[in-house]
Amino acid sequence: MTESARQKRKKLPNRQAYLCHRATSPTERQAGGLIKRNLLPATPWGLNLQEIELPLGAETGSYGETDQEIIWQILAGAGLMNLGDDQFAVIPGDVIYIRPTTAHHIRSMANTPLRINCITNQPRFPSP
C-alpha cells in the first residue's frame, strides 16, 4: 500500500519550513460573513499569509492606519477595490500592492465568494 502525499508530509522529521493546507488552517469568522484563514502565522521577521473570503455584497472594513506592506492576490470571485482615491474592478489573477498607510477596502461583487490571499510584512526600510 502506498502512502498519500499528505501522510508522507506529516512524517517529515524536524522540518524547518512551515507546511499547511487551507482545509486545516485556523479559521476566524467575522461580522458580515467575512472568513479569515491563517495560512502562515506571523513569523519572527513579520511575514504573514491569510486567506480572506467574502460572500456576495460583503466588504472589508476601511484600513489605512498600518505601517505594513500588503499584497492581495485575487483567487476567485470578483470585487470592487478602493485604493487611496482610486476605485477599480478586480478579478482572479489580479495582484494589488498596498503601500503602508494607504486607505483601502474591497467589496465582493460576484455570485461566488471573493477569495483573496493577503500577504503582509512589516517593512524593514521606509517605502520610496
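Coordinate-derived values only; no laboratory data. Predicted, not measured: the structure shown is a model, and the values here were computed from it.
A few points about this structure:
- Pairs of Cα atoms nearer than 8 Å and 6+ residues apart set the relative contact order; for the range 24-121 it is 34 percent.
- Over the range 24-121, all Cα pairs binned in 5 Å intervals from 0 give whole-percent P(r) values of 3, 14, 24, 27, 21, 9, 2, 0, listed from short to long.
- Amide H contacts of ALA76: ARG115, each under 5 Å away and 5 or more positions distant or on a separate chain (H built 1.01 Å from N in the peptide plane; Pro and chain starts excluded).
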